[in-house]
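Visitor: Let me give you the structure first, and then I'll get to my questions.
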Amino acid sequence: ANVDVSESNGLIILILCILFGGTGTIISSCLDRKGCNCSAVGLGILQNLLSPFLIGYIMAILHGITIYENSKGKQ
């Protein structure tokens, strides 16, 4: 469910993942340079469903960090 985004979008996605959990992951799927990333949408929905148990929220933050780190150096 890795998405290919610019560094500025990666930072925005990281902030959204910290604030809103799986919603940031769903938005990242729409910002992917290759088009809509359906696996990221599914992961975001799963994160939203698991957020009340904290595991989804933690997954979302870790995924946001991964997206941001992968976006560094891309324009």
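Bear in mind that the values in this text are calculations on the coordinates, not laboratory data. A quick note: this is a predicted structure, and the numbers were derived from the prediction, not measured. A quick note on method: Cβ atoms are made from the backbone with ideal geometry, for glycine too, and the neighbour counts reach across all protein chains shown.
Visitor: I'm trying to understand the selection: among the residues of the stretch 1-23, which are of a type in the set (A, V, I, L, M) and surrounded by 14 or more Cβ atoms within 10 Å (Cβ to Cβ)?
Guide: Taking the stretch 1-23 as the starting set, the residues that turn out to be of a type in the set (A, V, I, L, M) are 1, 3, 5, 11-16, 18-19.
Scanning the stretch 1-23 gives Ala1, Val3, Val5, Leu11, Ile12, Ile13, Leu14, Leu16, Ile18.
Visitor: Still on this structure: How about the stretch 32-75: which of its residues are surrounded by fewer than 13 Cβ atoms within 10 Å (Cβ to Cβ) and among the aromatic types (Phe, Trp, Tyr)?
Guide: Selection gives Phe53 alone.
Visitor: Continuing with the same structure: Conditions: (1) surrounded by fewer than 18 Cβ atoms within 10 Å (Cβ to Cβ); (2) without any contact (Cβ under 8 Å) to a residue 60 or more places away in the chain. Ile26 meets all but one. Number of the miss?
Guide: (1)
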